[in-house]
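Notes to accompany the following structure.
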Amino acid sequence: MILRTVADLRAQVAEWKAAGQVVGVVPTMGALHDGHLSLARRARRECGRVITTIFVNPKQFNNPEDLLKYPRTEENDAALLATVGVDAIFAPAVEEVYPAGFVTSVSVGGVSAPLEGALRPGHFDGVATVVTKLFGMTQADRGYFGQKDWQQLQVVRQLVRDLNLKVEIVGCETVRDPDGLAMSSRNQRLSGQARAKAPALYAAMLGAARQFRDGVPLAQVLDRARAAVLAEGFDAVEYIELVDGETMLPARDLGAPMRMLAAAWIDDVRLIDNIAV
Ligand code: AMP
């Protein structure tokens, strides 16, 4: 069942809730791959009813060309979701989500500021705004998000805490191709050659984490990792950093759970990844 309007979505969810069912939502921008499907499968196991949303949210694109080039494959997405057995796909038009006169923006402080927030101005405001709206539209009890977008997951958790939203956030493991590359809709845009080199980002992060645990000073570890990624054929490294996994502040306290996050360009495609350290 593909729903296009908030009214139809609301009517369907009201029916499910009246029957006492727990509703899970998996927000996506479509061009689905096994990473997305792992979220949908988990929601399927844990919730009575599952909605997957497919909406390429213009507000979270700071780069107009990226928005234009973003893959759109709805028919194929619907076929993949059918194999998981989701109950509904909510795929609204842009005007349904942002009708004329829409003027509100949700801005999460703190965790939104560094890394992706610093390099993609407005990106997390766009994410926070659309996620707040999707929770409002779906009235979901649980929201499923991937650790692939680690900082986004922390932004969503902060948002839910700060605004007392009645939704439980479930963070799901990153799904990777066999060679280690984190699955991403943007991987489709890589040439064969670039695709072959792309796993170097994850490999460099694993190497860096190992060196850090072995006692090599952090600055040196990160410098080596950036150099390795470039040497392996990436065109630019925006960042490879080690941060507190919850606050996104620079890692200081060795006791806190830390996360290494990276963003790098290859073949005009911006890839991000992260690992536990
Ligand atoms: P997107 O369509 O890129 O906005 O992603 C929708 C959701 O799927 C987000 O919560 C992502 O973190 C998650 N996701 C994307 N890629 C992966 C992956 N490789 N493994 C796990 N989750 C993912």
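The values are calculated or read from the model by the stated rules, or taken from the named source; none is laboratory data. Values in this document were obtained by computation on a predicted structure and should not be read as measured data. Positions of Cβ are generated from backbone atoms using ideal geometry, with glycine treated the same way; all protein chains shown enter the neighbour counts.
Of the residues in the range 230-241, none is among the hydroxyl-bearing types (Ser, Thr, Tyr), more than 20 Å from the chain's Cα centre (by Cα), more than 30 Å from ALA43 (Cβ to Cβ) and not assigned by TED's automatic domain parsing to the domain that holds VAL23.
Within the bounds of the range 251-265, is there any residue that is part of a loop (DSSP other than H, G, I, E, B), outside the structural domain of PRO64 (by TED's automatic domain parsing) and in contact with a helix residue (DSSP H, G or I) (Cβ under 7 Å, 6 or more places away or on another chain)? Spell out how you get there, then give the answer.
Initial filter on the range 251-265 (part of a loop (DSSP other than H, G, I, E, B)): 251-257.
So of that shortlist, the ones also outside the structural domain of PRO64 (by TED's automatic domain parsing) come out as 251-257.
After this cut, where a residue has to be in contact with a helix residue (DSSP H, G or I) (Cβ under 7 Å, 6 or more places away or on another chain) as well, the list is none.
No, the range 251-265 has no match at all.
Of the residues in the range 197-219, not one is at pLDDT 95 or above, within 15 Å of the ligand (Cβ to nearest atom), more than 16 Å from the chain's Cα centre (by Cα) and over 23 Å from LEU115 (Cβ atoms).
For the range 17-42, which positions are more than 16 Å from the ligand (Cβ to nearest atom) and either touching a helix residue (DSSP H, G or I) at 6+ places or on another chain (Cβ under 7 Å) or in contact (Cβ under 8 Å) with a residue 40 or more places away in the chain (or both)? Listed by number, the residues that qualify are LYS17, VAL22, VAL23. Residues of the range 218-242 that are under 15 Å from LEU206 (Cα atoms) and among the β-branched types (Val, Ile, Thr): VAL221, VAL229, ILE240.
For the range 73-110, enumerate the residues that are in a loop (DSSP other than H, G, I, E, B), among the β-branched types (Val, Ile, Thr) and surrounded by 11 or more Cβ atoms within 10 Å (Cβ to Cβ). Don't jump to the end; show me each part of the working.
Quick first cut of the range 73-110, residues in a loop (DSSP other than H, G, I, E, B) only: 73, 85-87, 91-93, 98-109.
Right, trim to among the β-branched types (Val, Ile, Thr) and you get 73, 86, 103-104, 106, 108.
If the condition is that a residue be in a loop (DSSP other than H, G, I, E, B), among the β-branched types (Val, Ile, Thr) and surrounded by 11 or more Cβ atoms within 10 Å (Cβ to Cβ), then THR73, VAL86, VAL106, VAL108 are the ones that fit.
Against the condition free of Cβ contacts under 8 Å to residues at least 60 places away in the same chain and either more than 14 Å from PRO199 (Cβ to Cβ) or in a strand (DSSP E or B) (or both), how does ILE240 come out, does it pass? Explain how you work it out, then say what you get.
Details: free of Cβ contacts under 8 Å to residues at least 60 places away in the same chain: yes; either more than 14 Å from PRO199 (Cβ to Cβ) or in a strand (DSSP E or B) (or both): yes.
When the stated conditions are applied, ILE240 passes them.
Counting the residues of the range 113-163 that are among the aromatic types (Phe, Trp, Tyr) and more than 12 Å from the chain's Cα centre (by Cα) gives 1.
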